[in-house]
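**Student:** Mind having a look at this structure? Questions to follow.
The values are calculated or read from the model by the stated rules, or taken from the named source; none is laboratory data. As the structure is a computational prediction, the values presented were derived from the model and not from experiment. A quick note on method: Cβ atoms are made from the backbone with ideal geometry, for glycine too, and the neighbour counts reach across all protein chains shown. Side chains are part of the model used for accessible areas, which takes the heavy atoms of the whole protein and leaves out ligands, DNA and RNA. Shrake-Rupley method; radii C 1.70, N 1.55, O 1.52, S 1.80 Å.
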Amino acid sequence: MIGSVARRMAAIPVALAMATAGLGLTVAPASADTNPAPGTPDTVSVRQLPTWQIDGVAWQQTMVGNTVFVTGNFSSARPPGVPVGGAGQIQAKNFFAYDVTTGNPVSKYSHYFNAPGYAVVPSPDGSRIYVGGDFAQVDGKARAHIAAIDVATGALLDDFQPSVNGRVRAIAVHGGTVYAGGAFSSAGGAPRATLAAFGTSGQLLGWAPTTSEGTLLSMVASPDGSKIVIGGQFAKINGAMVYGQGAVDATSGQSLAWPANAVIRNYNQGGVTSLRTDGTYIYGTSMAYGTGGRFEGPFVLNPDGTIHWLADCQGDTYDSAAAGGVVYSVGHAHDCTMIDSFPDPGSRWMRGMAMTVDAKGVNKGPDRYGWNYKNQPAPGVLHFWPDLGRGTFTGQGQAAWTASTNGTYLALGGEFPTVNGAAQQGLVRFAKTS
């Protein structure tokens, strides 16, 4: 759980049309352009597809093949259109998997996690799913905050049982190494301050960098696997100031140069909320709500840590997913005038949107908070505006917290109670019109 991430809570969405500055578009509730002009990538349709629901919050999800794996804080799942406790409801304790082509559960992945999960990532070959969180047991078996599931069989793996003494908030995997980060002080009985690494058989490795002065929220391996990129609300890595994000060597744990943290400085009451890669770029998202927070919105980095683009688009952003030339993001964007898009719409904030993977212009600046990213490369905003209802489960008034895509389908997870005005709790999927 991220904590007090929302400095400015949005009102309940209303049907409000607004002009998009500089693009000549009209942004209306629940709309998308699935057949744009040549040269502009098409997004998924904004029309939601029937999807099973959960009764709490999805903190993170990933997609392997046609299966979406979800973890969070929930206790049951139910068919689309069915209220909590209604016909067909099944137990789904903090973990759930469904087929993205049908929206229906995949029963072989039914597992019982005795406390919330916060991270779920696949192995590079897609043969395993690694889950991290607060749990101490899975299916009644001891699992100390991290576990592995076999994708082919759905079985909880007994050959991966590392011990971590606190919350695992983020996981990155490359080759035969599983990297974990979170709020812990030991792993495998040895001192490990927020970061540890394991072999695929669960053995503790010597890799032991540290973060300090704040919470670790996200991790990803660089496309070539040479470095582990770490993000969160922390100030330091290995004792040196990095302002919420940095990189370390994947073998030694030594700090590496990471040029992005000279520009995007977000720690303490700001932070990097997610990090992902498509094998070419590193995609990140940020929040800011007070001291130390100086950037909200998505960003894309080159593997060496230089900036591909950033979007100074006010409103905390929690996750992103990229495919087919499109970057989808979730959060509560409410002023994108710095990248020549919509002004503050008032009562309707954008809880899901899409941008181009390629840079299309530059940021303006300074913005309304005095942050100045003028002339930094910026994406183009695409016409994708799902209407996600404001949730109440976490008390933070948010909608979607996590996104994943395979280019044909987009899956969102979070705490939203409605999608485009219709009851649909916590999970939803969209698809290309084809």
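**Student:** Taking all protein chains together and a probe of 1.4 Å, list LEU256, LEU156 from the most accessible to the least accessible.
**Tutor:** Heavy-atom accessible area, descending, gives LEU256, LEU156.
**Student:** Could you grab the relative contact order for the range 343-398? Cα pairs under 8 Å, six or more apart, rounded to a whole percent.
**Tutor:** The value is 36 percent.
**Student:** Let me ask something else about it. Whole number please: convex hull volume per residue of the Cα set in the range 279-394, in Å³?
**Tutor:** In the range 279-394, the Cα hull volume divided by residue count equals 119 Å³.
**Student:** How would the range 205-291 be classified by its alpha-carbon gyration tensor: rounded, prolate or oblate, with rounded meaning a/c under 1.5 and the a/b versus b/c comparison settling the rest?
**Tutor:** Taking the square roots of the gyration eigenvalues as a ≥ b ≥ c, the range 205-291 is oblate.
**Student:** Extension gain ASP125-ASN375, at 0.36 nm per residue separation less the Cα-Cα distance, in nm?
**Tutor:** Stretched out fully, the ASP125 to ASN375 stretch lengthens by 86.1 nm.
**Student:** Could you name the aspartates and glutamates in cross-link range of LYS364, using Cα to Cα under 16 Å and dropping any fewer than eight places away on the same chain?
**Tutor:** Within the straight-line limit of under 16 Å, LYS364 reaches these aspartates and glutamates: GLU296, ASP312, ASP335, ASP340, ASP344.
**Student:** What does the net charge come to around ILE129 if you take all other residues with beta carbon closer than 14 Å to its beta carbon, with K and R at +1 and D and E at -1?
**Tutor:** Taking every other residue near ILE129 into account, the sum is +1.
**Student:** Strictly over 29 Å apart at the Cα level, which of LYS236/LYS374; LYS93/LYS236; LYS360/LYS432; LYS108/LYS141 would you flag in this model?
**Tutor:** Long pairs (Cα-Cα over 29 Å): LYS93/LYS236.
**Student:** Sticking with this structure for a sec: Roughly speaking, what is the stretch gain from ASN302 to VAL82, that is 0.36 nm per residue apart minus the C-alpha to C-alpha distance, in nm to one decimal?
**Tutor:** Extra length from ASN302 to VAL82 when fully extended: 74.8 nm.
**Student:** Further question: Determine the dipole magnitude for the range 285-381: charges of +1 sit on the beta-carbon of Lys and Arg, -1 on that of Asp and Glu, nothing else is charged, the reference point is the Cα centre, and the result goes in debye to the nearest 20.
**Tutor:** So the magnitude is around 140 debye.
**Student:** Turning to a different aspect of this structure: Between THR433 and ASN406, what length in nm is gained on full extension when 0.36 nm per residue of separation is reduced by their alpha carbon distance?
**Tutor:** Length difference between fully extended and current span is 8.3 nm.
**Student:** For ALA187, which sequence-distant residues (separation of 5 or more, or a different chain) have an amide H within less than 5 Å of its own amide H, given hydrogens modelled in the peptide plane?
**Tutor:** Long-range HN contacts for ALA187: ARG192.
**Student:** Label-point separation (nm) for ASP278 and SER107, each offset 7 Å from Cα along Cα-to-Cβ?
**Tutor:** Label at ASP278, label at SER107, 3.7 nm between them.
**Student:** To continue, here is another question. As a test of reading the structure, rank LYS227, LYS93 by solvent-accessible area (1.4 Å probe, protein chains only), most first.
**Tutor:** From most accessible down to least: LYS93, LYS227.
**Student:** Just want the answer: with Cβ charges of +1 for Lys and Arg and -1 for Asp and Glu, which residue in ASN261, LEU156, ASN94 is farthest toward the dipole's positive end in the chain?
**Tutor:** Of the options given, the answer is ASN94.
**Student:** Please calculate how many Å² of accessible area the chain carries per residue, with a 1.4 Å probe and no DNA, RNA or ligand atoms counted.
**Tutor:** Accessible surface, normalised per residue, equals 34 Å².
**Student:** Treating cross-link reach as a plain straight distance, find the aspartates and glutamates whose alpha-carbon is under 14 Å from the alpha-carbon of LYS227, omitting any fewer than eight places away in the same chain.
**Tutor:** ASP249, ASP304
**Student:** A follow-up question, please. Once the Cβ-Cβ distance between ALA183 and ALA37 is put in as r, and R0 is 56 Å, what FRET efficiency do you end up with, to the nearest 0.05?
**Tutor:** Using R0 = 56 Å, I get an efficiency of 0.75.
**Student:** What part of the accessible area of the chain, given as a whole %, is carbon or sulfur when the probe is 1.4 angstrom?
**Tutor:** Carbon with sulfur: 50 percent of the solvent-accessible area.
**Student:** Same structure, new question: LYS141: accessible area at probe 1.4 Å, nearest 10 Å²?
**Tutor:** 90 Å²
**Student:** If MET287, MET241 are ordered by their accessible area, calculated over protein heavy atoms with a 1.4 Å probe, which sequence runs from highest to lowest?
**Tutor:** From most accessible down to least: MET241, MET287.
**Student:** In terms of modelled amide H atoms, which long-range or inter-chain residues lie less than 5 Å from the amide H of VAL242?
**Tutor:** Answer set, sorted by chain and number: LYS236, ILE237.
**Student:** Assigning unit charges at the beta carbon (Lys, Arg +1; Asp, Glu -1) and nothing else, what dipole magnitude in debye, to the nearest 20, does the range 237-319 show about its Cα centre?
**Tutor:** Dipole of the range 237-319, to the nearest 20 debye: 180 debye.
**Student:** Could you size up the charge dipole of the chain around its Cα centre, putting +1 on the beta carbon of Lys and Arg and -1 on that of Asp and Glu, and report it in debye to the nearest 20?
**Tutor:** 540 debye
**Student:** State, to one decimal in nm, how far the label point of ASP249 lies from the label point of ALA262, with both points 7 Å from Cα in the Cβ direction.
**Tutor:** Taking the simple label geometry, ASP249 and ALA262 are separated by 2.2 nm.
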